[in-house]
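Structure, as structure tokens:
The values are calculated or read from the model by the stated rules, or taken from the named source; none is laboratory data. Given the structure is predicted, the values throughout are model-derived calculations rather than measurements. Here the Cβ positions follow ideal geometry from the backbone for every residue, glycine too, while neighbour counts run over all protein chains shown.
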Amino acid sequence: MTNQLKLSDALTKDELRDLRRKSDIKALASLLFTWGLIAGAFAVAIVWPNPLTILTGILILGGRQLGLGVINHDCAHHAFFKSPKVDEFVGHYLVGAPMNISLPAYRAYHLKHHKYAGTPNDPDIGFVKNYPVSKDSLRRKFVRDFTGQTGFRDTKRKIKNFRLSRNWPWLTFHVLLLGTLTLAGAPWAYLMWWAAELFVYPAIVRLRQIGEHGTAQDRSQLEPRLNTGTTVAPLWQRVLIAPNDVNYHLEHHMFASIPPYNLGRLHRILSQRGYYDGFECISKDYFDVIRRAVRPDEPKMVPAE
């Protein structure tokens, strides 16, 4: 029987008030960690250039490109720094610009997703409406991602829609990145950014989308425990493919005003009090997400030992 425990019974008003409290220190730490990993990926590849450091750097960059987008998302909710003005600046220029994301445009689009999550009016429903899919279908999707087909398609769309008056922050970022790497004596490293965005980032985004709504029990319902999922990812997955607490998506849908760095605590509180009992809304890691993305009557995509 589905658990009927109400959220108000599982969480006190004082706990919710504490969870909503923003921390500039934690926000800055998340921002610096993301940019620190980006700088480190370039630095290691430049100082010790070999296939291993370059490929590892590209993998890290792909995950941190999503990390920039996640912080942009949190700033769009004004759920990162204490000051909304700081969120606006950071979200638009420091994390949105590298990924060509306009904060105001993203906010208008994304709030519709929260309002209509899983319904036909959800602007993101197209990404997940057919899940679970067959094993072959899922494989084809990831092959398109890792071979660059998805990345090149999205990049061509960015270039086609480019307007200097609107997209100058994106262009400025790339000029600064290329200039910095050239001054460091390694202009070739600039290609690492594009390799990550074209061949790694799309697959990580797809995996994130599946974990958030593709494994949901019933996307036609507005109950978050039915239309949204959380993935309890281990540390290495959070570093590489689930940055900045993006894996706690169910908790975010319940309380979009709670800062991302407090979502893990919210998840633990609700788990301990049985709020998720009776619902299939929690994946134990991203391998579990992949298994659940395959139709029950299809052979499972079990990772090789």
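Can you find a residue that is under 21 Å from residue 49 (Cα atoms) and of a type in the set (Ser, Thr, Tyr) anywhere in segment 221-241?
Initial filter on segment 221-241 (under 21 Å from residue 49 (Cα atoms)): 240.
From the residues that got through so far, the ones that are of a type in the set (Ser, Thr, Tyr) too are none.
Within segment 221-241, none of the residues are under 21 Å from residue 49 (Cα atoms) and of a type in the set (Ser, Thr, Tyr).
Say we look at segment 114-131 and pick out the residues that are within 13 Å of residue 218 (Cβ to Cβ) and outside any helix (DSSP H, G or I); which of these is modelled with the lowest pLDDT?
Filtering segment 114-131 for residues that are within 13 Å of residue 218 (Cβ to Cβ) and outside any helix (DSSP H, G or I), the one modelled with the lowest pLDDT comes out as 118.
Restricting to segment 82-104, give me the number of residues that are within 19 Å of the chain's Cα centre (by Cα), of a type in the set (Ser, Thr, Tyr) and within 21 Å of residue 259 (Cβ to Cβ).
Matching residues across segment 82-104 total 1.
Keeping to segment 179-205, report how many residues are farther than 20 Å from residue 152 by Cβ and in contact (Cβ under 8 Å) with a residue 12 or more places away in the chain.
Looking only at that region, the number is 5.
For residues that are free of Cβ contacts under 8 Å to residues at least 12 places away in the same chain and either outside any helix (DSSP H, G or I) or under 14 Å from the mean Cα position of the chain (by Cα) (or both), tally how many sit in segment 238-280.
Going through segment 238-280 one residue at a time, the tally reaches 2.
Looking at (1) surrounded by fewer than 22 Cβ atoms within 10 Å (Cβ to Cβ); (2) free of Cβ contacts under 8 Å to residues at least 60 places away in the same chain, which one does residue 68 not meet, given that it meets all the others?
For residue 68, the exception is condition (1).
Can you name the residue in segment 143-196 that is outside any helix (DSSP H, G or I) and under 23 Å from residue 92 (Cα atoms) and is also farthest from the chain's Cα centre (by Cα) among such residues?
Looking at residues that are outside any helix (DSSP H, G or I) and under 23 Å from residue 92 (Cα atoms), I get 163.
Might you check whether a residue that is touching a Phe, Trp or Tyr at 6+ places or on another chain (Cβ under 6 Å) and modelled with pLDDT of 95 or more occurs anywhere in segment 3-12?
no
Of the residues that sit in segment 1-53 and are under 29 Å from residue 188 (Cα atoms) and of a type in the set (S, T, N, Q), which one is surrounded by the fewest Cβ atoms within 10 Å (Cβ to Cβ)?
Going through the qualifying residues, I end up with 50.
I'd like the residue in segment 1-38 that is of a type in the set (Lys, Arg) and part of a loop (DSSP other than H, G, I, E, B) and, out of all such residues, is nearest to residue 272 (Cα to Cα).
6
Mind listing whichever residues of segment 64-80 are outside any loop (DSSP other than H, G, I, E, B) and either of a type in the set (Val, Ile, Thr) or touching a Leu at 6+ places or on another chain (Cβ under 9 Å) (or both)?
Result: 64, 67, 68, 70, 71, 72, 75, 76.
Look through 118, 151 and report the one residue that is in contact (Cβ under 8 Å) with a residue 24 or more places away in the chain, touching a Lys or Arg at 6+ places or on another chain (Cβ under 6 Å) and under 26 Å from residue 249 (Cα atoms).
118
Identify all residues within segment 91-113 that are among the hydroxyl-bearing types (Ser, Thr, Tyr) and in a helix (DSSP H, G or I); write none if there are none. Spell out the reasoning first.
The first filter runs over segment 91-113 and keeps only residues among the hydroxyl-bearing types (Ser, Thr, Tyr), leaving 93, 102, 106, 109.
Within segment 91-113, 93, 106, 109 qualify.
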